[in-house]
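First up is the structure itself, then whatever we jot down about it.
The values are calculated or read from the model by the stated rules, or taken from the named source; none is laboratory data. All values reported here derive from a predicted model rather than from experimental measurement. As a convention, Cβ positions derive from the backbone with ideal geometry for all residues, glycine included, and neighbour counts pool all protein chains shown.
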Amino acid sequence: MNKNDLHFSEMGRDGSVRRPYLQYENWLAQQQNEQLSKKANDAEAFFRQAGITFNVYSDTDAEERLIPFDLVPRIVSNREWAKLTKGLEQRIRAINAFLHDIYNRQEILRAGVIPTELIAQNDAFLPEMMDFTPPGGVYTHIVGTDIVRTGEDDFFVLEDNARTPSGVSYMLENRETMLQMFPELFSKIRVQSVSDYPKNLRRSLAACAPACANGRPSVGVLTPGIFNSAYYEHSFLADQMGVELVEGHDLRVVDGRIAMRTTCGYKNIDVLYRRVDDEFLDPLTFNPNSMLGVPGIMDVYRAGNITIANAPGTGVADDKAIYSYMPEIIQFYTGERAILKNVETHRCSEPQSLQYVLDNLADLVVKEVHGSGGYGMLVGPAANKRELADFADKLKARPSNYIAQPTLSLSTVPIFTEKGLSPRHVDLRPFALVSPNGVQIAPGGLTRVALTPGSLVVNSSQGGGTKDTWVLED
Amino acid sequence: MLGKTAGGLYWMFRSLERAENTARLIEAGFRIALTRSNDTEAEWRSVIATSAVQEMFDEKYQSYDSTNVINFLLCDVANPSSVYSVLKSARDNARLVRTAITTEVWSAINGAWMLLSDRLKKPISETDLPDVLASIRMQSALVRGALYGTMMRNDIFDFCRLGTYIERMNCTARIIDVKYYSLLPSPSFVNSTIDNVQWETVLRSVSAHRAFRWAGDGEYNAPEVATFLILDGRMPRSLTHCSTQIVASLGFLAKEYDTHQPCLGMAEQLRTRFNGRDISTIFEDGLHEFVNSVIADIDKLGYQIEQDYRFNK
């Protein structure tokens with residue numbers, strides 16, 4: 001029996017097509033393979049011409065690469081989506097309440113729900129944020145939660161991504177590409193539109209403007225510059241929102257406000273959607289060598305004269321050690337049970353757990369507490385003896401740096417190959433906007449797909465691809 | 001608009017114009033190499049001088065043969081003025097100002113970069129040269145077409161045009177400067193074939209040999225060619241035309257921003273130097289000196305525009 005057969009296939013198996021995919025499968029059955037091949041090439045040319053690339057740095061030269069796009073959509077029914085969004089909303093509200101609490105009264109620590117050292121020894125915790133409430137009370141203006149599915153009703157949150165989640169441009173561009181390639185599909189099948197996202201993002205950011213904003217709040221996107229791997233997304237979002245794309249050296253503090261250098265002098269910015277990490281935000285407060293930030297912006301921020309999205313210090317809510325407490329955090333702030341499940345997580349900082357992880361290393365996935373992008377992790381079932389032994393040494397040397405999770409049997413969605421459809425593992429990153437008006441989730445998201453058969457690593461930095469994500473209307 | 005964005009637009013179009021001008025210069029030089037092999041080296045020498053890269057070239061090569069010059073000007077990544085380098089700069093600047101240009105303009109410059117960077121990766125053979133040069137001009141025309149067809153007529157457009165015309169005016173002035181001796185009326189040269197070839201080459205390097213035939217009576221002589229390049233406002237690469245366009249773009253900016261910047265005054269003064277002038281008075285004052293001071297003024301103007309509109313700080 002093929003190992004793949006054990007996984008939940010979202011399209012269906014053994015000739016029985018799951019309901020959300022019925023209409024699509026019907027259409028697909030009438031398509032010619034050569035025709036689809038041609039479309040796949042067209043899509044690649046389209047991405048290249050549009051410059052939808054990310055930068056990769058080798059020793060010698062910067063190279064622009066494409067994230068592979070697969071033309072088979074990932075389809076979610078409206079009912080499934082409703083459940084997901086309810087769970088996400090609950091989780092995101094709890095995260096914001098948690099951040100406010102951590103940076104103010106710290107009741108959750110006093111109540112003993114999570115250990116104090118998890119905050120005190122957390123690199124992402126910023127003392128500069130203590131006793132301060134950001135404009136509108138919002139910490140995580142944009143959230144991109146990673147979700148995996150293992151069965152008909154089994155959705156798990158894998159990561160909360162409350163810092164500066166990326167990938168939303170792919171949600172939008174993948175849909176544009178599909179609309180161009182297969183217009184007839186969208187007239188047959190009712191798919192919820194995601195194209196309002198940039199408009200909603202701008203509104204949501206503007207709704208968090210500080211009190212000093214006069215009239216229509218002025219919004220800017222802060223990018224590290226054209227050599228950043230996600231520069232395309234930064235310019236895309238600024239362009240789609242119709243706001244300025246700024247770099248640190250375009251900004252300075254003028255009369256207690258953050259202002260950008262325009263052709264007619266300095267103009268105030270009210271809301272800064274920053275795609276620069278906390279560490280580089282303000283050389284006067286954080287990393288003194290940073291050329292990417294704005295000297296003095298933290299003073300302006302603490303004086304309440306600019307909104308920074310996401311707020312500095314939100315990383316304290318999304319590392320993998322805090323993640324393991326998320327069910328308790330949700331219970332503590334909402335009084336409700338978590339709707340979305342957490343993946344069972346072993347904290348290696350606890351001796352018993354460490355022993356369990358060492359004993360079962362070959363079956364587990366081990367991640368760094370602050371890691372991201374699929375770097376520095378061990379996928380037990382895919383590792384050889386040597387790699388397992390090396391990793392065990394790392395674990396013993398710095399146990400609190402790691403957590404471990406069971407190897408999840410991620411769902412599959414077929415991709416198009418020259419030989420026809422073939423199942424591959426996927427995850428899902430929906431995007432939520434938070435403002436004083438509430439949490440708003442775009443009906444779609446970024447579906448990442450592991451292109452190597454059997455692989456569970458979907459990160460684009462590790463050779464993963466993307467798919468368009470459809471949420472059906474009925 | 002951000003000062004940085006204004007600068008990015010300006011340099012994007014300066015670089016693009018530069019690529020096109022270099023292609024024209026090579027085209028004119030290559031024609032001499034094919035038709036008058038005796039004049040080849042002198043012609044390549046003046047092409048290199050016009051491009052202001054003589055020192056760098058001399059360090060690298062011993063002789064001005066066609067292959068050296070062509071590849072130095074087209075593909076050499078170490079030469080910041082090579083077509084490859086300026087196209088890269090145009091495209092990098094376009095990425096920088098991606099939010100200020102339409103998808104069509106972005107797509108045109110990105111497409112130009114993808115096509116030409118691939119072609120210019122290897123040295124260009126004489127067989128491929130005409131095709132590559134045509135490609136450079138065509139791609140540049142596509143970007144310009146997208147600019148004119150899809151962009152709002154606002155400050156963004158003005159900065160693009162400023163970049164184009166400052167670079168173009170600079171290039172035409174340099175061509176005249178390097179070839180000024182051939183443009184001087186001298187009784188001993190009249191109607192000699194040498195001069196005819198020189199004049200034709202000069203006209204070809206601004207793609208105006210055809211226009212020249214239609215504009216006048218088709219007779220080549222020094223004052224007519226010089227008038228055409230300097231004073232004919234109908235000729236899109238003449239100094240008069242370029243300075244008129246620069247004044248117009250700066251005027252639009254002044255109106256749009258409701259401010260009067262020093263650069264507008266400077267541009268108007270530069271424009272006045274061609275107003276109502278007759279070529280004979282320019283010859284009397286000294287063509288070489290005249291063109292030299294024009295080049296200096298263009299440089300100063302470019303610098304002033306950067307200051308006035310806060311490109312850098």
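Looking across the stretch B:82-130, the residues that are β-branched (V, I, T), away from every other protein chain (no Cβ under 13 Å) and not in a loop (DSSP other than H, G, I, E, B) come down to B:V83, B:V86. Evaluated against (1) free of Cβ contacts under 8 Å to residues at least 40 places away in the same chain; (2) on the phi > 0 side of the Ramachandran plot, A:S187 falls short on exactly one condition, (2).
Within the stretch A:306-321, identify whether any single residue is modelled with pLDDT under 95 and polar (S, T, N, Q), and answer yes or no. No, the stretch A:306-321 contains no residue that is modelled with pLDDT under 95 and polar (S, T, N, Q).
Among the residues making up the stretch B:296-313, those that are of a type in the set (D, E, K, R) and within 14 Å of another protein chain (Cβ to nearest Cβ) are B:E306, B:D308, B:R310, B:K313. Does the stretch A:314-321 contain at least one residue that is charged (D, E, K, R), within 26 Å of A:S400 (Cβ to Cβ) and in contact with a Ser or Thr (Cβ under 8 Å, 6 or more places away or on another chain)? Checked the stretch A:314-321: at least one residue is charged (D, E, K, R), within 26 Å of A:S400 (Cβ to Cβ) and in contact with a Ser or Thr (Cβ under 8 Å, 6 or more places away or on another chain). Got at least one residue in the stretch A:327-346 being aromatic (F, W, Y), in the same structural domain as A:A40 (by TED's automatic domain parsing) and touching a residue at least 24 places away in the same chain (Cβ under 8 Å)? Taking every residue of the stretch A:327-346 in turn, at least one turns out to be aromatic (F, W, Y), in the same structural domain as A:A40 (by TED's automatic domain parsing) and touching a residue at least 24 places away in the same chain (Cβ under 8 Å). Against the conditions (1) surrounded by fewer than 22 Cβ atoms within 10 Å (Cβ to Cβ); (2) more than 13 Å from chain A (Cβ to nearest Cβ); (3) polar (S, T, N, Q), B:S140 satisfies every one except (1). I'd like the residue in the stretch A:216-227 that is modelled with pLDDT of 90 or more and in a loop (DSSP other than H, G, I, E, B) and, out of all such residues, is surrounded by the most Cβ atoms within 10 Å (Cβ to Cβ). Ranking the qualifying residues of the stretch A:216-227, first place goes to A:T223.
Can you confirm whether B:G8 is within 20 Å of B:S82 (Cα to Cα) and within 14 Å of chain A (Cβ to nearest Cβ)? Spelling it out, B:G8 is indeed within 20 Å of B:S82 (Cα to Cα) and within 14 Å of chain A (Cβ to nearest Cβ).
Go through the stretch A:71-101 and count every residue that is surrounded by fewer than 20 Cβ atoms within 10 Å (Cβ to Cβ) and among the basic types (K, R). Total meeting the criteria: 4.
Which condition does B:L287 not pass, out of (1) over 29 Å from B:Q307 (Cβ atoms); (2) without any contact (Cβ under 8 Å) to a residue 12 or more places away in the chain; (3) not aromatic (F, W, Y), if it passes all the others? Result: B:L287 passes all but (2). Quick check on the stretch A:456-464. Is at least one of its residues modelled with pLDDT under 95, crowded, with 19+ Cβ neighbours inside 10 Å and within 28 Å of A:R190 (Cβ to Cβ)? Yes, there is a match, as at least one residue in the stretch A:456-464 is modelled with pLDDT under 95, crowded, with 19+ Cβ neighbours inside 10 Å and within 28 Å of A:R190 (Cβ to Cβ). Taken over the stretch A:383-408, the criterion of being in a loop (DSSP other than H, G, I, E, B) and free of Cβ contacts under 8 Å to residues at least 24 places away in the same chain is satisfied by A:A383, A:N384, A:R398.
Taken together, the criteria place A:A450 among residues that are closer than 26 Å to A:A383 by Cβ and in the same structural domain as A:L205 (by TED's automatic domain parsing). Comparison of A:A50, A:A40 shows that the only residue that is modelled with pLDDT under 95 and under 26 Å from A:G454 (Cα atoms) is A:A40. Among the candidates B:A52, B:A19, the residue that is outside any helix (DSSP H, G or I) and either hydrophobic (A, V, I, L, M, F, W, C) or away from every other protein chain (no Cβ under 14 Å) (or both) is uniquely B:A52. As a summary of the residue check, B:V225 satisfies the conditions (1) under 19 Å from B:E17 (Cβ atoms); (2) under 20 Å from the mean Cα position of the chain (by Cα); (3) surrounded by 15 or more Cβ atoms within 10 Å (Cβ to Cβ) except for the one numbered (1). In the stretch B:274-289, the count of residues that are surrounded by 13 or more Cβ atoms within 10 Å (Cβ to Cβ), in a loop (DSSP other than H, G, I, E, B), away from every other protein chain (no Cβ under 14 Å) and within 20 Å of the chain's Cα centre (by Cα) is one or more.
Quick grid of which residues meet (1) modelled with pLDDT of 95 or more; (2) under 20 Å from B:L120 (Cα atoms); (3) in the same structural domain as B:I124 (by TED's automatic domain parsing):
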residue	(1), (2), (3)
B:K4	yes, no, yes
B:L9	yes, no, yes
B:A33	no, no, yes
B:A42	no, no, yes
B:S63	no, no, yes
B:F72	yes, yes, yes
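Checking each residue in the stretch B:202-231 for being hydrophobic (A, V, I, L, M, F, W, C) and part of a helix (DSSP H, G or I) picks out B:V202, B:L203, B:A211, B:F212, B:W214, B:A215, B:A222, B:V225, B:A226, B:F228, B:L229, B:I230. For the stretch A:23-54, taking the residues that are within 14 Å of chain B (Cβ to nearest Cβ) and among the small types (G, A, S), the one that is surrounded by the fewest Cβ atoms within 10 Å (Cβ to Cβ) is identified as A:A45.
Return the residue satisfying two criteria in turn: it lies in the stretch B:76-112 and is hydrophobic (A, V, I, L, M, F, W, C) and surrounded by fewer than 20 Cβ atoms within 10 Å (Cβ to Cβ), and of such residues it is nearest to B:L142 (Cα to Cα). It comes out as B:V77. Across the stretch A:230-255, the qualifying residues are those that are part of a loop (DSSP other than H, G, I, E, B) and more than 11 Å from chain B (Cβ to nearest Cβ), and the one among them that is farthest from A:N214 (Cα to Cα) is A:A230.
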